[in-house]
1. Could you sort out which of LYS64/LYS196; LYS51/LYS189; LYS91/LYS112 sit more than 20 Å apart by Cα distance in this structure?
2. Given springs between every Cα pair under 10 Å in a Gaussian network model of the chain, which of LEU288, LEU65, LEU186 has the largest fluctuation?
3. Would you tally the net charge around ILE352, using a Cβ to Cβ cut-off of less than 12 Å, leaving ILE352 out, and scoring K and R as +1, D and E as -1?
4. Relative to the Cα centre, what is the charge dipole magnitude of the stretch 44-143, using +1 at the beta carbon of each Lys and Arg, -1 at the beta carbon of each Asp and Glu, and rounding to the nearest 20 debye?
5. With 10 Å bins from zero, work out the P(r) of the stretch 204-325 over every alpha carbon pair and list the percent per bin.
6. So what's the net charge close to TYR155: Lys and Arg +1, Asp and Glu -1, counting the other residues with Cβ under 12 Å from its Cβ?
7. Which residue, LYS311, LYS189, LYS266, has the most motion in a Gaussian network model of the chain that connects Cα atoms within less than 10 Å?
8. Helix-only estimate, please: 222 nm mean residue ellipticity of the chain, summing -39500 (n - 2.57) across DSSP H runs of length 4 or more and dividing by its residues, to the nearest 500.
Amino acid sequence: MRIFTLIIIAIALATANIIIINGFMDGFSNTLVDVQLDISSGHINIYPNEKDRYIEGLGIKELKLDEMKDVVSYSPRLYSSGTIFYKGRTKSVKLVALYPDKEKGVTRILEKIEEGGTLTRDNEILISYRLAEDLRAKVGGEATFVFENGKTKTYKIKGITRTGVSDLDADSVMMFMDEANKALGLSGKSSIIMVKLNDRELAEKYRKIIENELQVTNVKIWREEIEAIASSVDTIKKMTNSVIAVGLFAAAVCVGVIIYVNVVYKRRQIGIMKAIGMRSSLIFEVYLMEAILLALIGVTIGDGLGYLGTKYLESHPFYCPIIKAYISAKFYLYLLYDASIVSTAVVVISGIYPAFIASRTNIIKAIWGGH
């Protein structure tokens, strides 16, 4: 009974480990995608045509987007660069100019205020938390901004942002779109138009419609925008798979050793069975069936533990201050299938060698030298 219990525990924990870790990784990757889409991407993003720096004819393009039934909202942004001065400290920064009302319909970037408030007037700016740390800037202070064309103006720091997107958190300054256009001498231009649809799965269909209606050629859908995140997640998954593999190997060794010890302990019984006519192949099958039975019991218990553990992490997310979002596990049925197949295969394979040793037992040595 003790041997049986040890084997079952080893199999169950290994199986549960696979389900919980993969469930957490799925939840983590989903959260990263959601953060990216919530902060810096629409379901469809329109960029300037090749060799152009800006999208021309913004007003006309917005009118055409208004006529598309599945377009919920859209938000143009203008990207530029500049230098910010604050109490003797200087930093080169990335400028993000936007319309707050339109931005709220597509992203949640203006909700990611760590300190202070959001934009309400043209003479206000938001700065990223890392930029605030570098400049030792405070909410309510005044900073001088030098645009890339050399124009200079002093702004009040209305708030400090922490978005969870590394590019924006590093050294970004946000301000009203009209204010940036005025300073840069631009009109009716933007660096990107982010479009939000009723259903993001319609993005591929609407890519063609937008290209034709707006006469643009550089249009990307949300799946293309998150390729970098997907690549990072794949790397993390490979690392976690290594951890899982170590756990499975440990379980396989544990099961193999315990079954082998059990075979050695029962050498006399095996010898007697062979002496009364039981074939070696049948003995092999008996011990292999034992491994399969143990796998089925252990995997079933492990599936239950993995399901409960994943559901617990799903209902008890923890807050990540880096990306400013709650991370939780996600349970999918495929997690049970994958874990069950892998664990069962590993246990059965680990039981083959002890079963083979049992089938090759010498009758005389087993009866006279067995325990």
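1. LYS91/LYS112, as the Cα separations exceed 20 Å there.
2. LEU186
3. Counting the neighbours of ILE352, the net charge comes to -2.
4. Using only the charged Cβ atoms, the result is roughly 400 debye.
5. Histogram of Cα-Cα distances, whole percents per bin: 9, 19, 21, 17, 14, 10, 7, 3, 1.
6. 0
7. Largest GNM mean-square fluctuation: LYS266.
8. Helix contribution divided over all residues of the chain: -18500 deg cm²/dmol.
All of the numbers you see were taken from the coordinates with simple rules; none came from a lab. Predicted, not measured: the structure shown is a model, and the values here were computed from it. Cβ sites come from the backbone with ideal geometry, for glycine too, and all protein chains shown count toward neighbours.
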